[in-house]
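Here is the structure we will look at, set down as C-alpha cells.
All of the numbers you see were taken from the coordinates with simple rules; none came from a lab. Remember, predicted model here, so these are calculated numbers, not experimental data. So basically every Cβ, Gly included, is an ideal-geometry build from the backbone, and we count neighbours across all protein chains shown.
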Amino acid sequence: MNPTYEIELTASSFGGDCIGKLPDGKTIFIPFGIAGECVEVEIVDSKKNFARGRIKRVLRESEKRIKARCPHFMECSGCHYQHMPYADQLTLKQEIVTDQLKRIGKIESPQVKTIIGSPLAWNYRNTVQFHLSATGIPGYQRAGANGVVEIRECHLPLQEINSLWPQLELEPDAGIQRVSIRCGSDDELLVGLESSSPQPPEFSVDIPLSVVLLGPEDDLLLSGEDYSLMQVLGRTFRVSAASFFQVNLPQAEAMVKHVLEILKVDNNSEIVDAYCGAGLFSAFLAPKVKSLIGIELAESSCNDFAVNLDEFENVSLYIGAVEEILPELYLKPQAVLLDPPRAGIDPTAMTALLDSAPQQIVYVSCDPATLARDVQKMVAAGYLLESVTPFDLFPQTYHVESIAYLVRELTNGQ
C-alpha cells in the first residue's frame, strides 16, 4: 500500500499540477488540486528530487472549487481544470505564462497582456483524437497511468463530433491505434483511422461521412473526401486528414487578427513563415508583403499549403525541417513568424534565425516553458520582448497558446 500524507498545496505549475512539500522537504506534484487547499495524497511515484501524488480526499476546499461537469474528470487525462470556474482558469494560465517567462526566461518584468479567453468554454474542439480500449471502445489516456478510459461522454468536441463517435464500431483486432474526427466549417465529418496495418479494417457507421486510413506508409481514402474545409475570417482552408490545424476556430481567428495587428510589414517586406503548416498565417500575410517564404516538414501540410496559397505568385514553399532549410537560405528578411511544435525551436534553427537578423520576430507558442527558453536566447542576441499575449484555445485543460512579439534593438546605426 502506498503511503499517504496531508499536503498543503502552495502553488500551481504548468502541466495542470499543484505543488506541495512532503514531510522530508521533497517537492510533490499533485493534479486536480487548487493552490490553498489541504489534501490527503497517496504517493504514486517517487524520484530522488520529487514525487507525484494522487488526491484521495480534499480536506480543506478552496472557495474556487466547483463540481466538474464530466463524470470521467480526474480519471481521464483530457481535462485538468473542470473543478475551477472558467474565469479562474484564465487567471491561472496568465499567471503561469508570466511565471515561466520570469523563472525560465530570466525576464524581470515581461510585458504579458491580458489573456484572450475562448468564446466557448465547452464544445469548442473541431478535432478530437480517441484512443481505443482493448475492446475497441473510444476513450482517452488514463490520468497518471497507462491504459485507456472508455468514455460515455465528452464536453470538449463540437456537437457534430459528439453525435458521431458513440456510433463507431471497430473490432479490437483491426490494427487501429487511434481514431481522429474532424468537423469542417460546413459541418462535414472526416474520420482518420491511424493504423499499423496497410489493410483497411471493418468499419461501419449509420451516417454518410469521409473516412481515411492513415497507414504506416500511405494514406488510403475509404469514403468521401480526404480533407476538411475550415473557414477563418471568411477564407476557406483545405486541411487534409493528417494535417494539423487549430482546433478552436474562433480563437484561431483572434490569433490571426493579433498577428496582423502587431506585425509591421508593407509591400516591400520579405518575410518567412517557419513551421507554416497548412498556411493559416501565410494566407493573410501574403497579400500585404513583397514576398513570403513558407517552411514546413509535414508532407500533408505542404500539400494543403500549396492549395491554400495557390493564388499568390509572391509565395514560395520549402519542404523540410526548419533547422535544415533556414541555414541554407541566407536570408535577411524583414520579419520571421515561427509556430514550432511543443519542443520549441531547434538550436540549429535558432542560430540560423539570429544570423538572419530579422527586424521583427513573431513567435506563436503552445508551451510557455519552451517559449521562455527561446525568448531568453533572442533577448541575449539583442531583441526586445515587446509583448506576450496568451490565448486560451483549450478551456478546461492546462494548455495555453501565446504570441510573443520581439523587435531587434538597433545599435551602431544599424
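Just going by the charge dipole of the chain, with Lys and Arg at +1 and Asp and Glu at -1 on Cβ, which of 369, 407, 25 is farthest out on the positive end?
Of the candidates, 25 comes out farthest on the positive side.
Quote the charge dipole size of region 4-65 about the Cα centre in Debye, to the nearest 20; the model charges only the Cβ of Lys and Arg (+1) and of Asp and Glu (-1). Walk me through the intermediate numbers first.
Values: 11 positive and 10 negative charges, 36 e Å.
Approximately 180 debye in magnitude.
If you take every DSSP beta bridge whose two residues both sit in the chain, what share of them, in percent to the nearest 5, is antiparallel?
Roughly 70 percent of the DSSP beta bridges within the chain come out antiparallel.
Counting Lys and Arg as +1 and Asp and Glu as -1, what is the net charge of the other residues whose Cβ lies under 14 Å from the Cβ of residue 172?
Details: positive: 178; negative: 150, 169, 171, 173, 202.
Within the 14 Å Cβ shell, the charges total -4.
Calculate for the chain the 222 nm mean residue ellipticity that helices alone would give, adding -39,500 (n - 2.57) per DSSP H run of length 4 or more and normalising by residue count, nearest 500 deg cm²/dmol.
Here the helix-only value at 222 nm equals -6000 deg cm²/dmol.
Given an 8 Å cut-off on Cα distances and at least 6 residues of separation, report the relative contact order of region 43-101 as a percent. Working shown, then result.
Working: 34 pairs, mean separation 12.6, N = 59.
It rounds to 21 percent for region 43-101.
Out of these labelled values of volume of the Cα convex hull per residue in Å³, [x] 142; [y] 212; [z] 158, which was calculated from the coordinates shown here?
Computed from these coordinates, volume of the Cα convex hull per residue in Å³ corresponds to label [z].
May I ask you to list the lysines whose Cα is less than 19 Å away from that of residue 290, ignoring any residue fewer than eight positions away on the same chain?
Result set, ordered by chain and number: 264, 332.
Cross-link partners among lysines for residue 93, C-alpha distance below 24 Å, same-chain residues fewer than 8 apart left out?
Cα-Cα hits under 24 Å: 21, 64, 67, 102, 106, 113, 257, 377.
Once you keep just the Cα pairs under 8 angstrom separated by 6 or more residues, what percentage relative contact order results for the chain?
Working: 924 pairs, mean separation 53.5, N = 414.
Contact order relative to length: 13 percent.
Tally Lys/Arg at +1 and Asp/Glu at -1 over every other residue whose Cβ is under 14 Å from the Cβ of residue 129; what's the total?
Values: positive: 125, 178, 182; negative: 194.
My count for the surroundings of residue 129 gives +2.
GNM on the chain, C-alpha springs below 10 Å: top fluctuator among 387, 282, 240?
Between 387, 282, 240, it is 387 that shows the largest mean-square fluctuation.
What ranking, highest mean first, results for peptides 123-130, 307-314 when packing means the other Cβ atoms within 10 Å averaged over each residue?
Numbers: 123-130: 20.6, 307-314: 14.6.
Packing proxy ranking, top to bottom: 123-130, 307-314.
Restricting the calculation to Cα positions, tell me the Rg (one decimal) and the Dmax (whole number) of region 193-268 in Å.
For region 193-268, the Cα radius of gyration and maximum Cα-Cα distance read 17.5, 55 Å.
Aspartates and glutamates within cross-link reach of residue 26: Cα-Cα under 14 Å, excluding same-chain residues under 8 positions apart?
Excluding near neighbours in sequence, the set is 6, 8, 45.
Counting Lys and Arg as +1 and Asp and Glu as -1, what is the net charge of the other residues whose Cβ lies under 15 Å from the Cβ of residue 277? Could you put the intermediate results ahead of the total?
Details: positive: 182, 235, 238, 342; negative: 273, 296, 299, 304, 339, 401.
Within the 15 Å Cβ shell, the charges total -2.
If one computes the Cα centroid of region 336-414 and of region 148-211, what distance in Å separates the two points?
36 Å
Are there any helices in the chain, counted as whole DSSP H runs, that stretch 24 Å or more along their axis by Cα and score at least -1.0 on average by Kyte-Doolittle, and if so which? Mind showing how you got there, number by number?
On the way: long enough: 86-103 (25 Å, -0.78).
Span-like helices, by this rule, are 86-103.
Which of the listed residues, 16, 176, 109, is farthest toward the dipole's positive end in the chain, when Lys, Arg count +1 and Asp, Glu count -1 at the beta-carbon?
109
As I understand it, the dipole of the chain uses +1 on the Cβ of Lys and Arg and -1 on the Cβ of Asp and Glu, about the Cα centre. Which of 90, 260, 359 lies farthest toward its positive end?
90
Given charges of +1 on the Cβ of Lys and Arg and -1 on the Cβ of Asp and Glu, with all other atoms neutral, how large is the dipole of the chain about its Cα centre, in debye to the nearest 20? Let's see the in-between values first.
On the way: 34 positive and 55 negative charges, 381 e Å.
Around 1820 debye, computed over the chain.
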